[in-house]
Amino acid sequence: MEKIQDRINEQSPWQQITEGNKIFEPATSRAFCTGEWRTAAPVWDREKCRQCLLCTPVCPDSSIPVHEGKREDFDYDHCKGCGICARVCPFDAIRMDDKN
């Protein structure tokens with residue numbers, strides 16, 4: 001059975017897009033690059049970062065990957081630029097850049 005996320009993409013004609021561009025199947029967020037919605041992007045300063053990982057649980061889009069106990073750079077394909085990570089960072093290792 002064909003799933004809607006397999007048939008809707010950037011080249012889809014309007015006739016194939018669901019009303020309000022709603023997706024009714026679960027677990028489809030990885031299939032869509034929603035990061036292009038943002039107006040500002042977080043910038044991570046590795047030198048200032050102390051790997052406290054306080055930023056990771058507050059990210060509503062799970063856009064701060066952690067590998068082997070260390071945070072990595074942002075997943076910009078899904079980050080919406082809310083800035084919560086920058087506000088919780090006690091070391092000012094994350095700043096918001098409105099040019100991205």
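Find the residue count for the range 38-54, including only residues that are assigned to a loop (DSSP other than H, G, I, E, B) and in contact with a Gly (Cβ under 9 Å, 6 or more places away or on another chain). Please lay out each step first, then the result.
Here is the first cut: in the range 38-54, the residues assigned to a loop (DSSP other than H, G, I, E, B) are 38-40, 45-54.
Applying the additional criterion that residues be in contact with a Gly (Cβ under 9 Å, 6 or more places away or on another chain) yields 38-40, 51, 53.
Matching residues across the range 38-54 total 5.
Counting only residues that are among the basic types (Lys, Arg) and at pLDDT 95 or above, which one in the range 67-84 is farthest from Glu10 (Cα to Cα)?
Only one residue fits best here, namely Lys70.
Residues in the range 42-60: is at least one modelled with pLDDT of 95 or more, surrounded by 12 or more Cβ atoms within 10 Å (Cβ to Cβ) and of a type in the set (Ser, Thr, Tyr)?
For the range 42-60, residues modelled with pLDDT of 95 or more, surrounded by 12 or more Cβ atoms within 10 Å (Cβ to Cβ) and of a type in the set (Ser, Thr, Tyr): present.
Got a sec? Which of Ile64, Ile23 is in a loop (DSSP other than H, G, I, E, B), β-branched (Val, Ile, Thr) and at pLDDT 95 or above?
It is Ile64.
Would you please list the contacts, defined by Cβ atoms under 6 Å and residues six or more apart or on different chains, that run from a residue in the range 25-45 that is within 20 Å of Cys85 (Cβ to Cβ) to a residue that is modelled with pLDDT under 70?
Every condition considered, the pairs that remain are Ala41/Asn100.
Suppose we keep only residues that are surrounded by fewer than 15 Cβ atoms within 10 Å (Cβ to Cβ) and of a type outside the set (D, E, K, R) within the range 61-83. Which one would you say is farthest from the chain's Cα centre (by Cα)?
Among those residues, the one meeting the criterion is Gly69.
Whether any residue in the range 85-100 is touching a strand residue (DSSP E or B) at 6+ places or on another chain (Cβ under 7 Å) and under 30 Å from Ile17 (Cβ atoms) is what I want to check. Walk me through how you get there before you give the answer.
Narrowing the range 85-100 to residues touching a strand residue (DSSP E or B) at 6+ places or on another chain (Cβ under 7 Å): 85-86, 93-97, 100.
This time we only want the ones that are under 30 Å from Ile17 (Cβ atoms), so: 100.
Within the range 85-100, one or more residues are touching a strand residue (DSSP E or B) at 6+ places or on another chain (Cβ under 7 Å) and under 30 Å from Ile17 (Cβ atoms).
The values are calculated or read from the model by the stated rules, or taken from the named source; none is laboratory data. Bear in mind that the values here come from a model prediction, so they are computed numbers and not experimental data. Virtual Cβ from ideal backbone geometry, glycine too; neighbours counted across all protein chains shown.
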